[in-house]
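Below you'll find the structure, written out as structure tokens, and then a few comments.
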Amino acid sequence: MERVILIKYGELTTKKGNRNFFVHTLTENIKMKLKNYHVTIKKDLSRMSISFDLEQMDEILEKINQVFGIHAYHIAHKVPSNIEDIKIEILTMLKSISFSTFKIEVKRSDKTFSMNSMELERFLGGVVLKNLEGKKVDVHHPDVLFKVELCKDYTYLYTNSIKGLGGYPVGTQPKALAMLSGGIDSPVAIYLALKRGIKVDAVYFEAMPHTSIEAREKVISLTKKLAKYKNKITLYVVPFTEIQEAIYKNGNSDYCITIMRRMMYRIMDRLCKKNKAVAIINGESIGQVASQTLNSMAVINEVTKTPIIRPVACLDKLEIIDIAKKIDTYEISILPFEDCCTVFVPKHPVINPVLEECLKSEEKFDYFEMIQKAIDNILTFSITEDDKKKYEDLL
């Protein structure tokens, strides 16, 4: 008998002709996560099994819990596909569990086996009733659901099911760039984009000295939290001070946030082209602030043709906070260090901006040259979850 982690793909199984690509990408992502452990990975289009060192199990499971594309997984016992080995192992496993009622479910992929699934369920149920005193079958609400997956050479036996992250493996979609502030919403948006298989890198706009080095440190800490789902995230830090000061010097104060966002999208558009990213991702939630009304979004979007994805657009703040707490970014996000979106907020930001008013304000300064200067002076960091020395050097 051997203990293995048995991985189920879930949504990946709907991909028909593309399933092999999705399974291959998931396999490579798991290999990357487990590169420091003694494991052997075997896969087919229905399941994946990982042989591992029992002493490393807790650490390995923690890594598995960070991989998108896994619907569920099981700690299974792997035995040869003959009836005697299956009988012995079922009884051994059930003797170690406290239960009164049980149900056995058999999934038989080896159609040459001497019994079909229903016959094997009845047979194994009879073995349990005969050998374990006081046990009863309950097909509706059993204390223990015992699953048997019978393949040609090996059979997997398990009673547990652990929910995975779901979604698609990161890398099954092309690259996108995400606008990462120090707030609650944008890290959640990046997490949800990664969950759909998008290769996400991050862009942070800073306006020193109006923003602080602590604000940058906060964003780096958020990036490290998110990097565990992708292994490495490139963070682009954009010097935005000159542009932001020009906006507030020359523009209608009520329009400053709208114009600021338009400038950010112009930069994002250029960065996407430069880095072969096909979409912009941000943490905007409809109606949450003045720049996130539908009318504001329409005016802001006017400066770019790059698709904009807003994963949290239809979530309320409490729903976003729940996810932030789950992914361990919330406590970092509420640290009191302002980013460039919050340091110059006007008293009455416009919620229904007019495009012509934006264009009139933007004509008052040469933002083309400022945008190019900002792009030329971007700081670029590769951030991983565990590289503490590199993280310290960034500051």
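List the GluC sites (Glu not before Pro) in the range 302-367 that DSSP assigns to loop (not H, G, I, E or B) and whose Cβ has at most 14 other Cβ atoms within 10 Å. Which are they?
Of the GluC sites (Glu not before Pro), the ones in loops of the range 302-367 whose Cβ has at most 14 other Cβ atoms within 10 Å are GLU302, GLU363.
Quick check: Cα centre of the range 160-195 to Cα centre of the range 308-374, how many Å?
Using only Cα atoms to place each centre, the spacing works out to 20 Å.
Please go through the residue pairs LYS33/LYS274; LYS8/LYS147; LYS8/LYS224; LYS218/LYS273; LYS63/LYS95 and name each one whose alpha carbons sit more than 21 Å apart in this structure.
Details: LYS33/LYS274 29 Å; LYS8/LYS147 13 Å; LYS8/LYS224 28 Å; LYS218/LYS273 27 Å; LYS63/LYS95 30 Å.
Over 21 Å Cα-Cα: LYS33/LYS274; LYS8/LYS224; LYS218/LYS273; LYS63/LYS95.
Okay, helix-only estimate at 222 nm for the chain: each DSSP H run of n ≥ 4 adds -39500 (n - 2.57), divide by all residues, round to 500 deg cm²/dmol; what do you get? Intermediate results must be reported in sequence, preceding the final value.
Numbers: 14 runs with 153 residues, N = 395.
Computed ellipticity for the chain at 222 nm equals -11500 deg cm²/dmol.
Between LYS232 and GLU84, what length comes free when the chain is fully extended (0.36 nm per residue of separation minus the Cα-Cα distance, one decimal in nm)? Numbers along the way, then the final one.
Details: separation 148, 0.36 × 148 = 53.28 nm, distance 4.74 nm.
That pair, LYS232 and GLU84, stretches by 48.5 nm at full extension.
Place a point 7 Å from Cα of ILE75 in the direction of its Cβ. Which residues in the range 155-197 have their backbone N less than 15 Å from it?
In the range 155-197, the label zone of ILE75 (backbone N under 15 Å from the point 7 Å along Cα→Cβ) covers 157-163.
Would you mind ranking HIS141, HIS24, HIS71 so that the residue whose beta carbon has the fewest other beta carbons within 10 Å leads the list?
Ordered by Cβ neighbours within 10 Å, fewest first: HIS141, HIS24, HIS71.
Placing +1 on the Cβ of each Lys and Arg and -1 on the Cβ of each Asp and Glu in the chain, which of ILE321, SER81, TYR156 has its Cα farthest towards the positive end of the resulting dipole?
Selected residue: SER81.
Hey, of (i) 130; (ii) 160; (iii) 198, which did the structure itself give for volume of the Cα convex hull per residue in Å³ when calculated?
(ii)
Sequence neighbours fewer than 8 away in the same chain don't count; with that in mind, list the aspartates and glutamates whose C-alpha is under 13 Å from LYS276.
Counting by Cα, and skipping residues close in sequence, LYS276 has these aspartates and glutamates nearby: ASP201.
Could you calculate the contour length gain from LEU132 to GLU28, that is, 0.36 nm times the residue separation minus the distance between their Cα atoms, to one decimal place in nm? Mind dumping the intermediate values first?
Values: separation 104, 0.36 × 104 = 37.44 nm, distance 4.29 nm.
Full extension of this stretch gives 33.1 nm more.
Going by how many other Cβ atoms sit within 10 Å of their own, how do THR92, THR304, THR40, THR172 line up, fewest first?
On the way: THR92 12, THR304 18, THR40 9, THR172 22.
Ascending number of Cβ neighbours within 10 Å: THR40, THR92, THR304, THR172.
Say each of GLU2 and SER100 gets a label point 7 Å from the Cα, pointing the same way as Cα to Cβ; how far apart are those two points in nm?
Label at GLU2, label at SER100, 3.9 nm between them.
Using 1/(1 + (r/R0)^6) with R0 = 30 angstrom and r between the beta carbons of GLU331 and ASP53, what's the FRET efficiency to the nearest 0.05?
Details: r = 33 Å, r/R0 = 1.11.
Once rounded, the FRET efficiency stands at 0.35.
Would you calculate the separation in nanometres between label points at THR112 and LYS35, each defined as 7 Å from the Cα along the Cα-to-beta-carbon direction?
Each label point lies 7 Å from its Cα, and together they span 4.0 nm.
Throughout, read-outs are computed from the coordinates displayed, never taken from laboratory work. None of these values were measured; they are calculated from a predicted model. Here the Cβ is made from the backbone with ideal geometry for all residues, glycine too, and neighbour counts use every protein chain on show.
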